[in-house]
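The values are calculated or read from the model by the stated rules, or taken from the named source; none is laboratory data. Only a predicted model underlies this, so the values are computations on that prediction, with no experimental measurement involved. Glycine also receives a Cβ, built like all others from the backbone with ideal geometry; neighbour counts cover every protein chain displayed. Surface areas here come from the heavy atoms of the whole protein model, side chains and all, with no ligands, DNA or RNA. Shrake-Rupley method; radii C 1.70, N 1.55, O 1.52, S 1.80 Å.
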Amino acid sequence: MSGQQAPDRTGEQELLARAADAGIHRLAIPTPFQVGRVNAYLIEDSPLTLVDSGPNSGKALDELEQALAARGHAIEEIELLVITHQHIDHFGLASILARRSGAEVAALEGLVPYLGNFREAAELDDRFAEQTMLLHGIPADIVTALRAVSASFRAWGSAVEVTRSLRDGEELKLRDRTLRVLHRPGHSPSDTVLHDEARSIALAADHLIKHISSNPLIARPLAAEPDFTGPRPRALVDYIASLRRTRAQDLSLVLPGHGEPIADHAALIDKRLRMHDRRAEKIRGLIATEPRTAHEIALQLWGNVAVTQAYLTLSEVLGHVDLLLADGRVVEQESGGVVRFAAA
């Protein structure tokens, strides 16, 4: 994620108060990741609903319990747990919470097998990422190191049985509200937004974040076979399409998966779209001088980044190259098992 801006604490509290008036309370849960705390949301309705859980750690569990207690609730009272997408900072504690509360666990139908077989799915994701990195010029020693880091991160996630699958466009009915389930892929293949149309509020998870732009990560498709070798998923192309759909919605408040609430989603999305246009044009300029791998482009843009950021920056470059490919401004050339991009 990139493009950070300072938070507006006064406006933040006003918007959180508006959410609380609607019975929605932000629970900011610690994570071990650079992005910082993750926002879970308690919806005081029937069933008592929690949207996302935080990562699988004792610290996250302790702070979640404290945050629930501050609202007069306990984990054992949760009746419905909704998981917004496949990243471990959002679902890692789900299995523990479901076991302790007996809550129904709901997630997008395409995400159900992934969550139920998390360890196997994560290994397949890592294999896919390894192949993608080598194909686009990341040196083998960096790939090996990143694989080890990724494997160590898996402890922050845990498999969970989904007991209610959700379909794009369906209504999730609570006693006092109805949430429209909206599939908005891009940041991940499973990004799910919950839209309270009556109150014009959306719980958007990582689909839209105010202080940083969400990285559209190149990810193995949810329905892919274990040995998937199909065309590269176009994460940024999908993400921009999803953003445009969200921009067209009537929303007065967006509650994101990290950071502060968003009051003017259309202006923020317009800003993000302009940023992606500028970055694509900058990358086009680099490619115009000579054919380059995606890794070489990333080095030109950001220099030698930390190993943990290598796949993020690669995804960022490939996403913008996909925009250029779609416009016919660059071409993709493979030689010796490595892809380079050249001016059309």
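Give me the dipole magnitude in Debye, nearest 20, for region 286-344 about the Cα centre, with unit charges on the beta carbon: positive for Lys and Arg, negative for Asp and Glu.
Details: 3 positive and 7 negative charges, 19 e Å.
Around 80 debye, computed over region 286-344.
Could you sort the peptides 309-315, 168-174, 97-103, 229-235 by per-residue average Cβ neighbour count (10 Å cutoff), highest mean leading? All intermediate terms of the calculation are to be shown ahead of the outcome.
Numbers: 309-315: 21.3, 168-174: 13.1, 97-103: 17.4, 229-235: 15.0.
Result, highest mean Cβ count within 10 Å first: 309-315, 97-103, 229-235, 168-174.
Grab the Cα-Cα distance for SER200 and PHE33, subtract it from 0.36 nm times how many residues apart they are, and report the gain in nm with one decimal.
Values: separation 167, 0.36 × 167 = 60.12 nm, distance 3.10 nm.
Taking 0.36 nm per residue and subtracting the Cα distance, the gain is 57.0 nm.
Hey, got the dipole for the chain? About the Cα centre, +1 on K and R Cβ, -1 on D and E Cβ, debye to the nearest 20?
Numbers: 37 positive and 47 negative charges, 141 e Å.
The calculation lands at about 680 debye.
Between 0 and 90 degrees, rounded to the nearest ten: what's the tilt of helix 310-326 against the longest Cα principal axis of the chain?
70
Carbon and sulfur: what percent of the chain's accessible surface (1.4 Å probe)?
Working: 7120 of 14380 Å².
With neighbouring chains kept in place, the figure for the chain is 50 percent.
Quick check on the chain: helices-only [θ] at 222 nm, where DSSP H runs of length 4 and up contribute -39,500 (n - 2.57) each and the sum goes over total residues. Nearest 500, please. Display every interim value, and only then the final one.
Working: 11 runs with 139 residues, N = 344.
Helix-only estimate at 222 nm: -12500 deg cm²/dmol.
Please compute the modelled spin-label separation between LEU286 and ALA17, points set 7 Å along Cα→Cβ, answer in nm with one decimal.
Those two pseudo-labels are separated by 4.6 nm.
Averaged per residue, what accessible area in Å² does the chain show with a 1.4 Å probe, protein chains only?
Per residue, the chain has 42 Å² of solvent-accessible surface.
Hey, what angle do you get for helix 58-70 against the long axis of the chain, alpha-carbon based, 0 to 90 degrees rounded to 10?
Once rounded, the angle reads 40 degrees.
Any idea how far apart LEU135 and ALA248 come out in nm if each label point goes 7 Å out from Cα toward Cβ?
It works out to 3.1 nm between the two label points.
Return one number: the angle in degrees, 0 to 90 and rounded to the nearest 10, between the long axis of the Cα atoms of helix 118-135 and the longest principal axis of the Cα atoms of the chain.
On a 0 to 90 degree scale, this one is about 20.
Quick one: putting +1 on the C-beta of Lys and Arg, -1 on the C-beta of Asp and Glu, what dipole do you get for region 194-344 around its Cα centre, in Debye to the nearest 20? Let's see the in-between values first.
Details: 18 positive and 19 negative charges, 73 e Å.
The dipole of region 194-344 has a size of about 360 debye.
Pick out, in residue order, every one of the GluC sites (Glu not before Pro) in region 10-70 that is DSSP loop and has at most 16 other C-beta atoms within 10 Å; say none if there are none.
Values: sites: GLU12, GLU14, GLU44, GLU63, GLU65; in loops: GLU44.
Passing both the DSSP loop test and the Cβ count: GLU44.
Given the options ALA306, ALA40, ALA204, which has the most mean-square fluctuation in a GNM of the chain, springs set between C-alpha atoms less than 10 angstrom apart?
Per the Cα network of the chain with a 10 Å cutoff, ALA306 tops the list.
Need the full-extension length gain, GLU104 to VAL307, defined as separation in residues times 0.36 nm minus the C-alpha distance. One decimal, nm.
On the way: separation 203, 0.36 × 203 = 73.08 nm, distance 3.81 nm.
Fully extending the segment from GLU104 to VAL307 adds 69.3 nm.
Give me the lysines in straight-line cross-link reach of LYS282: C-alpha distance below 27 Å, same-chain residues under 8 apart excluded.
Those lysines meeting the cut-off are LYS210, LYS271.
Could you list the residues of region 307-338 with an amide nitrogen less than 19 Å from a label point located 7 Å from the Cα of MET275 in the Cα-to-C-beta direction?
309-324
In whole angstrom, note down how far apart the Cα centers of region 159-222 and region 224-282 are.
Going from one Cα centre to the other spans 13 Å.
What's the extension gain from ALA151 to VAL331 if we count 0.36 nm per residue and subtract their Cα-Cα distance?
Working: separation 180, 0.36 × 180 = 64.80 nm, distance 3.39 nm.
Between ALA151 and VAL331, full extension yields an extra 61.4 nm.
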